[in-house]
Amino acid sequence: GKARPGLPRGSINLQNGRAHNFQWNSNAYILAEVGTQQIEYRYLSKATGKQDYAEKSEKVFDILDKITPEDGLLFEKLKDEGKGEASFVSQKTSFGAMSDSTYEYMIKLWIQGGRKEEKYRKMWDKAMTGLHTQLLRKSTPNGLAYIADRNNGRLEHKMDHLACFMGGSLALGAYTDPSGIDSSRAKRDLKTAKALTYTCYQMYARTKTGISPEFVKFSIGDDFEVPISAPFYILRPEAVEAFYYLSVLTGDPIYREWGWEVFQSIEKYCKTEYGYGSLHDVNNPSIEPEDKMESFFLAETLKYLYLLFDPDSEIDILNKHVFNTEAHPVKIFQN
């Protein structure tokens, strides 16, 4: 008989085929992991003609849809209850680490499927309403928009660099809104996309290296500060990803200006003899880059920067292509 469908585990031993979750996460399933495989597996189904890949991965969103709270915002840890059911085992809501790309895939799966599968768009729109009513806040004194984390119902006034992807996803959602780009919902989402992306630019512009830390803490009267616990930059792409989407969709030249500034800072402070390295502290320009370059630097950071400055790109994010979470473009399914 078939294995019971459910959530995919986080790791597999290729020698014996045993899959397991991580002990550091008390063996729970991670929201971002279970909800960030579908674009790839659906593409694989199309390429091979084997429906199993698509069906097994899509099942995750059926499970998530069933347990989505009223405000559309999901929690970051899950437990498989068997029989195609799951439950949340955490009270933390975030658009940063451990949750981020599941929201990204709601809008992108809808686009990948030719904007026909309403479930994904509905999950996205519900989550965006939740984001606006529950998590979106403004800093003082300059009114920088940010997405707070929520833990056990209490807001934590910080934003991960990872969450900067939302500038791109919100803009994409606005320009593909079934109610039209002039609808109040699309206008709301585009306005927030631009505001968040400006905040993400400021996360770079206000440090001594011109490079953003892993996250920032929002403090009253000071907008935000670089946290002592995470002053590092590991060559992350999410801000330039948002610059790319907004540049393509709005045509506003400011996003190329910001991208050029960020690129120049990376060139100045992260470049090494044989590649690019992470920064230990974005406010300490004198420390050499670390001997470590994450794969997403080439896959995403440099690719989005390149595309940002490429006027003749064949990539068409509204009609032909969708990027997976690692910036690999796949074709939208045509009839």
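The values are calculated or read from the model by the stated rules, or taken from the named source; none is laboratory data. Fair warning: this is a prediction, and the values are worked out from it, not measured in the lab. All Cβ positions, even for glycine, are placed from backbone atoms using ideal geometry, and neighbour counts span all protein chains on display. Accessible surface is based on the protein model in full, side chains and every heavy atom, while ligands, DNA and RNA are left aside. Shrake-Rupley method; radii C 1.70, N 1.55, O 1.52, S 1.80 Å.
On the basis of being of a type in the set (A, V, I, L, M, F, W, C), open to solvent by 50 Å² or more (accessible area, probe 1.4 Å) and at pLDDT 95 or above, does F243 make the cut?
Working: of a type in the set (A, V, I, L, M, F, W, C): yes; open to solvent by 50 Å² or more (accessible area, probe 1.4 Å): no; at pLDDT 95 or above: yes.
No, not satisfied.
Kindly indicate the residue of the range 63-83 that is touching a helix residue (DSSP H, G or I) at 6+ places or on another chain (Cβ under 8 Å) and of a type in the set (D, E, K, R) and also nearest to Q38 (Cα to Cα) among those meeting that condition.
D65
From the residues in the range 206-240 that are of a type in the set (A, V, I, L, M) and touching a Ser or Thr at 6+ places or on another chain (Cβ under 9 Å), which one is most open to solvent (accessible area, probe 1.4 Å)?
I220
Being crowded, with 18+ Cβ neighbours inside 10 Å and either without any contact (Cβ under 8 Å) to a residue 24 or more places away in the chain or out of contact with any Ser or Thr (no Cβ under 8 Å at 6 or more places or on another chain) (or both) is the filter here, so list the residues in the range 1-38 that pass it.
The answer is G6, L7, N21, Y29, I30, E33.
Return a yes/no flag: does the range 311-323 have any residue that is open to solvent by 50 Å² or more (accessible area, probe 1.4 Å), out of contact with any helix residue (DSSP H, G or I) (no Cβ under 8 Å at 6 or more places or on another chain) and touching a residue at least 40 places away in the same chain (Cβ under 8 Å).
Within the range 311-323, not a single residue is open to solvent by 50 Å² or more (accessible area, probe 1.4 Å), out of contact with any helix residue (DSSP H, G or I) (no Cβ under 8 Å at 6 or more places or on another chain) and touching a residue at least 40 places away in the same chain (Cβ under 8 Å).
Taking A195 and the conditions (1) assigned to a loop (DSSP other than H, G, I, E, B); (2) touching a residue at least 40 places away in the same chain (Cβ under 8 Å); (3) on the phi < 0 side of the Ramachandran plot; (4) surrounded by fewer than 19 Cβ atoms within 10 Å (Cβ to Cβ), which numbered condition does it fall short on, given that it satisfies the others?
Here A195 clears every test but (1).
Restricted to the range 59-83, and to residues that are touching an Asp or Glu at 6+ places or on another chain (Cβ under 9 Å) and among the β-branched types (V, I, T), which residue is most open to solvent (accessible area, probe 1.4 Å)?
This residue is I67.
Condition check: open to solvent by 10 Å² or more (accessible area, probe 1.4 Å), under 20 Å from Y103 (Cβ atoms), among the aromatic types (F, W, Y) and at pLDDT 95 or above. Does F165 satisfy that?
Taking the combined requirement at face value, the residue does not satisfy it.
Kindly list the number of the only condition in (1) open to solvent by less than 40 Å² (accessible area, probe 1.4 Å); (2) in a helix (DSSP H, G or I) that fails for P289.
(2)
Does S212 qualify as being hydroxyl-bearing (S, T, Y), under 24 Å from S295 (Cβ atoms) and modelled with pLDDT of 95 or more?
Yes: the conditions hold for S212.
Does E257 satisfy the criteria of being open to solvent by 80 Å² or more (accessible area, probe 1.4 Å), more than 22 Å from L190 (Cβ to Cβ) and not small (G, A, S)?
Values: open to solvent by 80 Å² or more (accessible area, probe 1.4 Å): yes; more than 22 Å from L190 (Cβ to Cβ): no; not small (G, A, S): yes.
Answer is no for this residue.
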